[in-house]
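Engineer: Before we start, here is the structure in question, set down as structure tokens.
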């Protein structure tokens with residue numbers, strides 16, 4: 001019997017900044033480490049587009065997220081995840097589910113100056129790498 005892949009979820013309100021950065025960094029880590037991991041992302045009230053300042057900050061790291069579209073995430077998707085990272089803005093209730101939820105309590109980059117967005121981006125990257133380290137060591 002084949003074991004199902006680990007599922008990660010990255011969630012924020014608009015799915016237009018922090019969770020998009022986390023998803024992109026997670027995709028990079030998955031590829032770098034050759035892991036069988038599924039990644040889902042979404043927001044509780046998705047925006048129309050990814051914030052331009054976030055697209056620019058990620059482009060500085062060689063990651064193009066300009067073609068991504070924020071989407072709503074469902075409770076069922078979240079319940080199917082082994083690990084969920086919220087970005088400090090979610091009121092998720094996953095009671096009774098075997099999902100590890102981490103609240104990363106990160107500032108919303110929307111409306112922030114580029115330097116602050118870079119700081120948020122770098123913190124998102126550190127936390128994604130740490131999450132993958134935890135998953136690999138488990």
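Engineer: How do the pairs read when you match residues in segment 52-73 that are within 16 Å of residue 111 (Cα to Cα) with residues anywhere that are loosely packed, with under 15 Cβ neighbours inside 10 Å, using Cβ under 6 Å and keeping only pairs 6 or more apart or on different chains?
Structural biologist: From residues that are within 16 Å of residue 111 (Cα to Cα), the pairs are 55/66.
Engineer: Moving on to the next point. Picking from 132, 25, which residue would you name as being assigned to a helix (DSSP H, G or I), over 16 Å from residue 11 (Cβ atoms) and at pLDDT 95 or above?
Structural biologist: Residue meeting the stated conditions: 132.
Engineer: Select from segment 108-129 the residues that are out of contact with any helix residue (DSSP H, G or I) (no Cβ under 6 Å at 6 or more places or on another chain) and outside any helix (DSSP H, G or I) and write down the one among them that is farthest from residue 14 (Cα to Cα).
Structural biologist: Among them, the one singled out is 113.
Engineer: So residue 116 passes all but one of these: (1) farther than 15 Å from residue 43 by Cα; (2) modelled with pLDDT of 90 or more; (3) surrounded by fewer than 14 Cβ atoms within 10 Å (Cβ to Cβ). Which condition number does it fail?
Structural biologist: Of everything listed in (1) farther than 15 Å from residue 43 by Cα; (2) modelled with pLDDT of 90 or more; (3) surrounded by fewer than 14 Cβ atoms within 10 Å (Cβ to Cβ), residue 116 misses just condition (3).
Engineer: Report the residue count in segment 1-22 for those that are outside any strand (DSSP E or B) and surrounded by 24 or more Cβ atoms within 10 Å (Cβ to Cβ).
Structural biologist: 8
Engineer: Hey, could you check segment 66-83 for residues that are over 20 Å from residue 131 (Cα atoms) and in a helix (DSSP H, G or I) and say which is modelled with the highest pLDDT?
Structural biologist: The selected residue is 76.
Engineer: A follow-up question, please. Which ones in segment 28-38 are assigned to a helix (DSSP H, G or I) and either more than 16 Å from the chain's Cα centre (by Cα) or surrounded by fewer than 17 Cβ atoms within 10 Å (Cβ to Cβ) (or both)?
Structural biologist: 31, 32, 33, listed by residue number.
Engineer: For residue 48, which of the numbered conditions (1) in a loop (DSSP other than H, G, I, E, B); (2) in contact with a helix residue (DSSP H, G or I) (Cβ under 9 Å, 6 or more places away or on another chain) fails to hold?
Structural biologist: All conditions are met except number (2).
Engineer: Report whether or not residue 88 is on the phi > 0 side of the Ramachandran plot and at pLDDT 90 or above.
Structural biologist: no
Engineer: When residue 54 is evaluated against the numbered criteria (1) assigned to a helix (DSSP H, G or I); (2) in contact with a strand residue (DSSP E or B) (Cβ under 7 Å, 6 or more places away or on another chain), which criterion, by number, is the only one it fails?
Structural biologist: For residue 54, the exception is condition (2).
The values are calculated or read from the model by the stated rules, or taken from the named source; none is laboratory data. On a predicted model such as this, the values are computed, not experimentally measured, just so you know. FYI the Cβ positions are ideal-geometry reconstructions off the backbone, even for glycines, and counts take in every protein chain you see.
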